[in-house]
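Each remark here refers to the structure printed beneath this line.
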Amino acid sequence: MLSQTIQAALNGQISVEGNSSQIYLAMASWAEVQGFEGISTFMYAQSDEERMHMLKLVKYVNQRGGEAKISATVEPVLDLSNYKVLFKQLLIHEEKVSQSINELVGITLDERDYATHNFLQWYVSEQIEEEANARYILDKINLIGDDKGGLYLFDNEMKNFTSQIPTPQ
Ligand code: OFO
């Protein structure tokens, strides 16, 4: 059984993951309209992944005798001036999500809820990976500079982007 504090904290994270999915959906749609086929494919996949993160939390809360709360999502506020600022925002967003997960992990220790602490380790690893991927992509973007050919190749590569960083065990 989840304590009220843990349940509220997990429900807060459900909302964070749902909003993440919306943010990536907005990025995907922008990229699609701009003709960045690879970037949009990547962002649509990211959006689906975030929804999966949300669902994993929903199932966990309900399985532990709690009740998941599905709240309204917030309209994403994004700077859509170019693809570079898009990916910078992606990294900043993931850093914020990591912080939110860390706070959640801290609450499980305060509450001595070791089952939820254990459950959240998957999210801790996931955040390490997502931040590392975002930094890897930004490094590539910096290398491209103003090279149009490089941008074409980058967009193409993003179509089949797979994590460059092995998930920590
Ligand atoms: Fe849910 O992992 Fe990113 O935000």
Go through the range 38-73 and give me each residue that's surrounded by fewer than 14 Cβ atoms within 10 Å (Cβ to Cβ) and farther than 30 Å from N118 by Cβ. A72
Just give me the residues in the range 64-109 being over 28 Å from S40 (Cβ atoms) and of a type outside the set (A, V, I, L, M, F, W, C), in sequence order. R64, G65, G66, E67, K69, N102, E103, G106, T108
Expected single match for outside any helix (DSSP H, G or I), more than 11 Å from the ligand (Cβ to nearest atom) and touching a helix residue (DSSP H, G or I) at 6+ places or on another chain (Cβ under 8 Å) among L25, L80 is L80
Regarding the range 95-107, can at least one residue be identified that is part of a helix (DSSP H, G or I), open to solvent by less than 70 Å² (accessible area, probe 1.4 Å) and under 30 Å from L143 (Cα atoms)? yes
For the structure I just gave you, tell me whether L90 is in contact (Cβ under 8 Å) with a residue 40 or more places away in the chain, open to solvent by 50 Å² or more (accessible area, probe 1.4 Å) and either within 11 Å of the ligand (Cβ to nearest atom) or under 25 Å from M158 (Cβ atoms) (or both). no
Which one of V77, V16, V33 is closer than 24 Å to I92 by Cβ, open to solvent by 60 Å² or more (accessible area, probe 1.4 Å) and either of a type in the set (S, T, Y) or within 18 Å of the chain's Cα centre (by Cα) (or both)? V77
Considering residues that are in a helix (DSSP H, G or I), away from the ligand (no atom under 16 Å from the Cβ) and open to solvent by 40 Å² or more (accessible area, probe 1.4 Å), the number found within the range 109-148 is 11
Condition (residue is more than 19 Å from A132 (Cα to Cα), at pLDDT 95 or above and not β-branched (V, I, T)) applied to the range 85-96: is it met by at least one residue? no
Check whether at least one residue in the range 61-76 is within 26 Å of N160 (Cβ to Cβ), more than 11 Å from the ligand (Cβ to nearest atom) and assigned to a helix (DSSP H, G or I), and report yes or no. no
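The values are calculated or read from the model by the stated rules, or taken from the named source; none is laboratory data. Quick caveat, the model's predicted, so the values are computed rather than measured. Virtual Cβ from ideal backbone geometry, glycine too; neighbours counted across all protein chains shown. Keep in mind that these areas ignore ligands, DNA and RNA; they rest on the heavy atoms of the full protein, side chains included. Shrake-Rupley method; radii C 1.70, N 1.55, O 1.52, S 1.80 Å.
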